[in-house]
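Heads up: the structure comes next, in structure tokens.
The values are calculated or read from the model by the stated rules, or taken from the named source; none is laboratory data. Computed from a predicted structure; not experimentally measured. Heads up, the Cβs are rebuilt from the backbone with ideal geometry, glycines too, and the neighbour counts pull from every protein chain shown. Only protein heavy atoms, including side chains, enter the accessible area calculation; ligands, DNA and RNA are left aside. Shrake-Rupley method; radii C 1.70, N 1.55, O 1.52, S 1.80 Å.
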Amino acid sequence: MTVQVVRPAGAGHETLYVLVLCLFIVLAAGAVVAWHGETDSETVIAGHQIDARRDLTPAEQGIYADLRVAADEIRIRRDEEQALLSPAELADEGFPPFVNDASAASRGNHQWQLLPGDGAAYFGASQALDVAGSLLMRLDGEQEQVDVWLNRNSASAPASLDATALIAAGWQQIASQYDAGVTRQHRH
């Protein structure tokens, strides 16, 4: 009678290899997370500015977004026709926030007008300052810049469109900051 001893197929070595592989995966994942992690740098805005994400009411955020879209159309049409569209023409073509519909009524029912002067300036007088403040959109002709200003205390058009005069009259420039905090806000 012959006895043959059959040893296990190296279960100790296989377990060790699996543990080393798991350790490597965990270390690699930790390195990737640390490398791509969010920095705590926060963009500082000027004292006369307000943040479009954090400081506006939902109604003001909606109007601000609509104004940014309408500004592109206004610029395109200004270049094609060599004239600015009036708020009535923008409303006839269905561009919010110039259209007087249910959405406009729920967001302050702004009355829009094209202000005279150099460049284009559209002023929306709020009929409900507690819902949304009055807004002013300035389009710079040469640099194609869009400037949107907010005044929660007045429903009258500004006397001057100069930035210094607007600040002195209580207007605040809306600043858009697009960084990692757009989707992840950390309130401290």
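For segment 82-95, state whether one or more residues are under 25 Å from Gln127 (Cβ atoms), more than 26 Å from the chain's Cα centre (by Cα) and either loosely packed, with under 10 Cβ neighbours inside 10 Å or not charged (D, E, K, R) (or both).
Scanning segment 82-95, I find at least one residue that is under 25 Å from Gln127 (Cβ atoms), more than 26 Å from the chain's Cα centre (by Cα) and either loosely packed, with under 10 Cβ neighbours inside 10 Å or not charged (D, E, K, R) (or both), so the answer is yes.
Determine, yes or no, whether Trp171 is within 23 Å of Ile45 (Cα to Cα) and in contact with a Leu (Cβ under 6 Å, 6 or more places away or on another chain).
Values: within 23 Å of Ile45 (Cα to Cα): yes; in contact with a Leu (Cβ under 6 Å, 6 or more places away or on another chain): no.
Criteria not met by Trp171.
Would you confirm, using the coordinates I've provided, whether Ala34 is in a helix (DSSP H, G or I) and open to solvent by less than 60 Å² (accessible area, probe 1.4 Å)?
no
When Asp130 is evaluated against the numbered criteria (1) surrounded by fewer than 19 Cβ atoms within 10 Å (Cβ to Cβ); (2) over 18 Å from His48 (Cα atoms); (3) touching a residue at least 12 places away in the same chain (Cβ under 8 Å); (4) under 23 Å from the mean Cα position of the chain (by Cα), which criterion, by number, is the only one it fails?
(3)
Test Gly62 against the stated conditions and say whether it is in contact (Cβ under 8 Å) with a residue 24 or more places away in the chain, farther than 25 Å from Thr164 by Cα and either of a type outside the set (Ser, Thr, Tyr) or in a strand (DSSP E or B) (or both).
Criteria met by Gly62.
Please pick out the residue among Gln49, Gln4 that is open to solvent by 50 Å² or more (accessible area, probe 1.4 Å) and more than 14 Å from Gly124 (Cα to Cα).
Gln4
Within segment 71-108, take every residue that is touching a residue at least 60 places away in the same chain (Cβ under 8 Å) and of a type in the set (A, V, I, L, M, F, W, C) and give me the one that is nearest to Ile45 (Cα to Cα).
For segment 71-108, the residue satisfying everything is Ala71.
Can you go through Ala104, Ala121, Ala88, Ala132 and tell me which one is in contact with a strand residue (DSSP E or B) (Cβ under 7 Å, 6 or more places away or on another chain) and of a type outside the set (D, E, K, R)?
Going through Ala104, Ala121, Ala88, Ala132 in turn, the sole match is Ala121.
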